[in-house]
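Reading through the structure tokens given below for one structure.
The values are calculated or read from the model by the stated rules, or taken from the named source; none is laboratory data. Here the structure is a predicted model, which is why all the values come from computation and not from measurement. Don't worry about glycine lacking a Cβ; one is built from the backbone with ideal geometry, like all the others, and counts go over all protein chains shown. Just so you know, the surface numbers come from the protein's heavy atoms only, side chains and all, with ligands and any DNA or RNA stripped out. Shrake-Rupley method; radii C 1.70, N 1.55, O 1.52, S 1.80 Å.
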Amino acid sequence: MQPPDTITDGVVVLRQFREDDRAVVLSTMRDPLVREWLNVPREPGDHDFDSLLRVVRDGRATGERFDYSVAEPSGDEPLGAVIASRRHRDNYEIAYLAGAAGRGRGLMTRAVSLLCDAMFEEGAGRLELRTHPGNEASQRLAQRCGFQREGTERKSIWLHGRRVDAIVWSLLPDDVR
């Protein structure tokens, strides 16, 4: 599986992360809403961005994960990110995050949908997504992208040093989207 380096629908662009994304990515890691729902470094610094770039490049090289920066064609500045990570049985888990400039405009819904389409075109048979039960915005995004809620996994993810429940969502190639 090797989805394209760049994917676009003319409204959003999914592209590879670059060195010049450093300041925006570190700022997004400091965003209070991002910090509430994701495990990010307490005080993000250059070494965290360098580590992220290594994980992104290694994951793409091995086919274990595909990370994309989300931007608008007119600006090219990262507004968020979408990620597909290989899981057991060759399923892929979709994850996403948006900085303040990327929220509330439908861009992340488009970005997740584009990534899902690309993964299905590459042969993925099932995509999964996990949301925290309290993260209603993330649950709404999953629904808008056509994911079906399957249930709650008890204490299945780590958030801020402790195990918490996760709602599991799935999307199959033939599902209505």
For this session: Would you mind working out the magnitude of the charge dipole of the stretch 45-146 relative to its Cα centre, with +1 at each Lys and Arg C-beta and -1 at each Asp and Glu C-beta, to the nearest 20 Debye?
Result: 420
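Nearest 20 debye, what's the magnitude of the dipole of the stretch 90-156 about its Cα centre given +1 on Lys and Arg Cβ and -1 on Asp and Glu Cβ? Please list the in-between numbers first.
Numbers: 10 positive and 9 negative charges, 93 e Å.
Approximately 440 debye in magnitude.
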Problem set entry | Per residue value of the accessible surface for the chain (all protein chains in place, 1.4 Å probe), Å² | 53
Exercise. What are the residues whose amide H is under 5 Å from the amide H of E77, where those residues sit 5 or more places off or on another chain and H is modelled from the backbone?
Worked result: E72
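Return the tail of the calculated pair distribution for the stretch 22-81, meaning the percent of Cα-Cα pairs more than 18 Å apart. Before the final figure, lay out the partial values.
On the way: 738 of 1770 pairs.
Beyond 18 Å sits 42 percent of the P(r) for the stretch 22-81.
State the three equivalent ellipsoid semi-axes of the chain, derived from the C-alpha gyration tensor as the square roots of 5 times its eigenvalues, in descending order and whole Å.
Details: eigenvalues 99, 81, 54 Å².
After scaling each eigenvalue by five and taking roots: 22, 20, 16 Å.
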Problem set entry | Dipole axis of the chain (+1 Lys, Arg; -1 Asp, Glu on Cβ), positive-most option in T8, L114, P133 | P133
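So for the chain, averaging the separation of alpha carbon pairs under 8 Å that are six or more residues apart and normalising by length, what relative contact order in percent results? Don't jump to the answer; show the numbers that get you there.
Details: 292 pairs, mean separation 34.2, N = 177.
Worked out over the chain, it gives 19 percent.
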Seminar exercise, completed: For the pair D165 and A23, the simple spin-label estimate (label points 7 Å beyond Cα toward Cβ) gives in nm 4.3
Problem set entry | Angstrom value of the Kirkwood radius, inverse mean 1/r, which spans all Cα pairs in the stretch 99-177 | 13.5
Problem set entry | J(HN,Hα) series, the stretch 104-117, from Karplus relation 6.51 cos²θ - 1.76 cosθ + 1.60, nearest Hz, glycine and proline x | x, 10, x, 5, 6, 4, 4, 5, 5, 4, 4, 5, 4, 4
Problem set entry | For the stretch 155-172, 3J(HN,Hα) per residue [Karplus equation, 6.51 cos²θ - 1.76 cosθ + 1.60, θ = phi - 60°, Hz, x = Gly/Pro] | 6, 9, 10, 9, 9, 6, x, 9, 6, 9, 5, 9, 8, 9, 10, 9, 9, 10
Exercise. When the chain is treated as a GNM, springs tying every alpha-carbon pair under 10 Å, which of E72, E36, E19 comes out with the largest mean-square fluctuation?
Worked result: E19
Exercise. How large is ³J(HN,Hα), in whole Hz, for each residue of the stretch 124-130 in order, when computed from phi with the Karplus curve 6.51 cos²θ - 1.76 cosθ + 1.60 and θ = phi - 60°, using x for Gly and Pro?
Worked result: 4, x, 7, 10, 10, 8, 10
Seminar exercise, completed: Answer in debye to the nearest 20: the dipole magnitude of the chain about its Cα centre, from +1 Lys/Arg and -1 Asp/Glu charges placed on Cβ, is 660
